[in-house]
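Structure record follows, encoded as structure tokens.
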Amino acid sequence: MKTIPYATQSIDETDLQAVQEVLTSGWLTQGPAGPRFEQAFAERHAVAHAVSVSNATAGLHIACLALGAGVGKTVWTSPISFVASANCALYCGADVDFVDIDPVTRNMSVAALTTKLEQAERSGQLPTIVIPVHFAGLPCDLAPMRALADRHGFKLLEDASHAVGASYQGQPIGSRYADASVFSFHPVKIITTGEGGMVTTQNAATSRQLQLLRSHGITRDAGDMLLNAPPPGPWYYEQATLGFNYRMTDIQAALGHSQLQRLDAFHTARERLADRYDHLLAGLPLKLPARAPSAGSLARSAWHLYAVEVVPGDRVAARNVVFQRLRDANIAANVHYIPIHTQPFYQARGFQAGQFPAAEAYYARALSLPLFPTLTDEQQDHVVTALGEALRA
Ligand SMILES: *Cc1c(COP(=O)(O)O)cnc(C)c1O
């Protein structure tokens, strides 16, 4: 039997056609496909500005710069995330620290954030940016986070890599609570461009800064010229700041635009499979994913991951055993994530195991089951049966 992956892309005829068209259009990069994808993405997420980038890691880097990260500044994020959520701060010369997770949602805990901010206020070491991560596609509790950002004067940068098209309190992620939001289009995520990402913001100045940083810090806009205004000729450009080449190609943007037309169908398929998992797994010694960011808040998850926890017991096999048994049954379950602060690189920077106990407890029990739009009911039934057997001690 073919191995069932934990995640995979869905590419159909319309995607193939979109890519084929752009290949013969005359523009492979810096053509019209980029702005077209950006505009469609902004409309879908009800946000004023969307800036495409070569990947979400690049997006996190320039978003951190645009929001003021630098030497002597501090950025906080969640330990249960991909390493890029923390590395982006270090790229800017800033320090990084973590806020423990809520064991129910696995997102950054608002209570832990509140306590840590009060301590930081007293010691005069408030963060410049806080990066909550919408783990598995379930939105963080953004309203209290926004209130804390306003009270303590930090910027809120969403790592929305898992949350393309998700919503919180009826509003699309990326539009309302954060100063900027970063989305990933890696093939395991909700929509794909191969490699790719998008940064959204409601702030025109932030958007302008992101555009500069994405392309060498260079501007061709007469209104932005510092030295020679008006510019001496159409060849003229000015480098205003130190930027990068983090551009998305037109080939990627055409694929992204095509995938965006399929986003609602992807969501519906993922939601149906998640509901089905909830139903089929009830009664097993598992903790299933939360449905809401907090009591009383409303959200629609993008269902990037379906992550369960193996609840220990006398008759329950350990997570590592369950994991291996699933692999033996051709099911490529996965574990998201190894807490970032326990990585050797972060340990060498002074972090220690035991510092973020909720994150570490979650990691010890976590298991991501296969979830992607083309997963069939038959494959899902196989996962459920194999998991039921694998859990027996
Ligand atoms: C995938 C991912 C990233 C990095 O995205 P790339 O597009 O691969 O650079 C960052 N943060 C989180 C939470 C992710 O899942």
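The values are calculated or read from the model by the stated rules, or taken from the named source; none is laboratory data. Because the structure is a prediction, the values reported are computed rather than measured. Positions of Cβ are generated from backbone atoms using ideal geometry, with glycine treated the same way; all protein chains shown enter the neighbour counts. These accessible areas exclude ligands, DNA and RNA; they are computed on the full protein's heavy atoms, side chains included. Shrake-Rupley method; radii C 1.70, N 1.55, O 1.52, S 1.80 Å.
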Provide a single number: the residues in the range 20-51 that are in a helix (DSSP H, G or I) and more than 24 Å from H162 (Cα to Cα).
-> 4
Given (1) within 16 Å of the ligand (Cβ to nearest atom); (2) closer than 25 Å to T115 by Cα, where does A163 come up short, assuming only one miss?
-> (2)
Could you tell me which numbered condition T105 fails, if it satisfies all but one of (1) under 18 Å from the mean Cα position of the chain (by Cα); (2) away from the ligand (no atom under 16 Å from the Cβ); (3) farther than 24 Å from G256 by Cβ; (4) not aromatic (F, W, Y)?
-> (2)
G354, sole failed condition from (1) surrounded by 20 or more Cβ atoms within 10 Å (Cβ to Cβ); (2) more than 29 Å from I173 (Cα to Cα) = (1)
Within the range 290-316, the residues that are among the hydroxyl-bearing types (S, T, Y), within 18 Å of A269 (Cβ to Cβ) and either out of contact with any strand residue (DSSP E or B) (no Cβ under 6 Å at 6 or more places or on another chain) or at pLDDT below 95 (or both) are S301
Would it be correct to say that I80 is closer than 26 Å to Q209 by Cβ, hydrophobic (A, V, I, L, M, F, W, C) and not assigned by TED's automatic domain parsing to the domain that holds R300?
-> no
Filter the range 15-44 down to residues that are among the acidic types (D, E) and farther than 21 Å from V182 by Cα and give me whichever is least open to solvent (accessible area, probe 1.4 Å).
-> D15
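One line per residue, one yes/no per condition, for (1) buried (at least 18 other Cβ atoms within 10 Å of the Cβ); (2) within 16 Å of the ligand (Cβ to nearest atom); (3) among the aliphatic types (A, V, I, L, M):
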{"position": "V316", "(1), (2), (3)": "no, no, yes"}
{"position": "Q324", "(1), (2), (3)": "no, no, no"}
{"position": "A329", "(1), (2), (3)": "yes, no, yes"}
{"position": "I340", "(1), (2), (3)": "yes, yes, yes"}
Inspect the range 138-152 for any residue being assigned to a strand (DSSP E or B) and touching a residue at least 12 places away in the same chain (Cβ under 8 Å) and give the result as yes or no.
-> no
Residue check, T219 within 24 Å of K155 (Cβ to Cβ) and open to solvent by less than 10 Å² (accessible area, probe 1.4 Å) = yes
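Quick grid of which residues meet (1) β-branched (V, I, T); (2) surrounded by 24 or more Cβ atoms within 10 Å (Cβ to Cβ); (3) at pLDDT 95 or above:
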residue	(1), (2), (3)
Q119	no, no, yes
Q125	no, no, yes
V133	yes, yes, yes
G137	no, yes, yes
R146	no, no, yes
A178	no, yes, yes
V199	yes, yes, yes
S215	no, no, yes
Is the range 2-16 home to any residue that is out of contact with any strand residue (DSSP E or B) (no Cβ under 9 Å at 6 or more places or on another chain), among the charged types (D, E, K, R), at pLDDT below 95 and at negative phi?
-> yes
Right, A295: surrounded by fewer than 20 Cβ atoms within 10 Å (Cβ to Cβ), of a type in the set (G, A, S) and either touching a Leu at 6+ places or on another chain (Cβ under 7 Å) or in contact (Cβ under 8 Å) with a residue 40 or more places away in the chain (or both) or not?
-> no
Would you call G70 surrounded by fewer than 22 Cβ atoms within 10 Å (Cβ to Cβ) and under 12 Å from Y91 (Cβ atoms)?
-> yes
Residues of the range 166-177 being small (G, A, S), assigned to a loop (DSSP other than H, G, I, E, B) and away from the ligand (no atom under 15 Å from the Cβ), in sequence order, are G170, S175
List every residue pair whose Cβ atoms lie under 8 Å apart, where the two residues are 6 or more positions apart in sequence or sit on different chains, the first residue falls within the range 181-200 and is acidic (D, E), and the second residue, located anywhere, is more than 10 Å from the ligand (Cβ to nearest atom).
-> E195/Q252
D102 open to solvent by 10 Å² or more (accessible area, probe 1.4 Å) and within 13 Å of I340 (Cα to Cα) | no
Would you please list the contacts, defined by Cβ atoms under 9 Å and residues six or more apart or on different chains, that run from a residue in the range 48-70 that is under 11 Å from L213 (Cα atoms) and within 12 Å of the ligand (Cβ to nearest atom) to a residue that is among the hydroxyl-bearing types (S, T, Y) and assigned to a strand (DSSP E or B)?
-> G59/S52; G59/S184; A63/S181; A63/T201
Return a yes/no flag: does the range 119-130 have any residue that is within 16 Å of the ligand (Cβ to nearest atom), within 15 Å of the chain's Cα centre (by Cα) and assigned by TED's automatic domain parsing to the domain that holds A166.
-> yes
